[in-house]
Amino acid sequence: MKLAEALIERADIQRKITVLRSRLQNNAQVQEGTEPNEKPADLIKELDENVKRLEYLISRINYTNATVKSDSGSTIADLIVKRDMLALKISAMNDLLRTASATVCRAMHTEIKILPAINVKSLQEKIDKLSKELRLTDTEIQSNNWLTELAE
């Protein structure tokens, strides 16, 4: 199984567990003299099976990410951290850019003029450069996900 397939299955199982939790809640109580729509014991058994499979997948995914090196020499785990940190930095810089770029309307020329405290053009160029790096890093991760076999 490819790493990407395991990631897709992991997401499916996580969604299924969310649905199972809801189904368990919906069938936890019944009116006296009636039966629940679904047997909680059956739902618990299904939950246990899915949690066990999820545990296996997460363990194998983490091990694979930590041990497999990409063409750049970084592990997949290192690339994921790099991608997440680039996204965090870009988000913070975009917030700064929006605030610095906001125009303040003045009713009269005697009011205080608000100016950006940073060079907006320079910041935008830096964000564009980081965004490109983020795209390239994410592409490298995705490529590795489809080329790498899940470690056993």
Between a first residue in the range 29-51 that is in the same structural domain as ALA11 (by TED's automatic domain parsing) and a second residue that is of a type in the set (Gly, Ala, Ser) and part of a loop (DSSP other than H, G, I, E, B), which pairs have beta carbons less than 7 Å apart while being 6 or more apart in sequence or on different chains? PRO40/ALA28
Those residues of the range 95-144 that are under 30 Å from ASP71 (Cα atoms) and either touching a residue at least 40 places away in the same chain (Cβ under 8 Å) or out of contact with any helix residue (DSSP H, G or I) (no Cβ under 9 Å at 6 or more places or on another chain) (or both) come to a total of 18
Filtering the range 74-104 down to residues that are part of a loop (DSSP other than H, G, I, E, B) and modelled with pLDDT of 95 or more yields SER74
Consider GLU149 against the criteria (1) surrounded by 15 or more Cβ atoms within 10 Å (Cβ to Cβ); (2) within 27 Å of ILE13 (Cβ to Cβ): it satisfies all of them except one. Which criterion is unmet? (1)
If you go through the range 105-126, how many residues are surrounded by 11 or more Cβ atoms within 10 Å (Cβ to Cβ) and not in a helix (DSSP H, G or I)? 5
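Checking the structure you have, find out if any residue of the range 55-65 is under 17 Å from ALA151 (Cα atoms), among the aliphatic types (A, V, I, L, M), in contact with an Asp or Glu (Cβ under 9 Å, 6 or more places away or on another chain) and in the same structural domain as ALA6 (by TED's automatic domain parsing).
Yes: one or more hits.
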Hey, ASN62 hits all of (1) over 20 Å from the mean Cα position of the chain (by Cα); (2) without any contact (Cβ under 8 Å) to a residue 40 or more places away in the chain; (3) closer than 26 Å to ASP138 by Cβ but one; which does it fall short on? (1)
Out of all the residues in the range 127-140, is one or more surrounded by 13 or more Cβ atoms within 10 Å (Cβ to Cβ) and within 19 Å of ALA11 (Cα to Cα)? yes
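The values are calculated or read from the model by the stated rules, or taken from the named source; none is laboratory data. Since this is a predicted model, take the numbers as computed values, not measurements. Please note: Cβ atoms are built from the backbone with ideal geometry, for glycine as well, and neighbour counts cover all protein chains shown.
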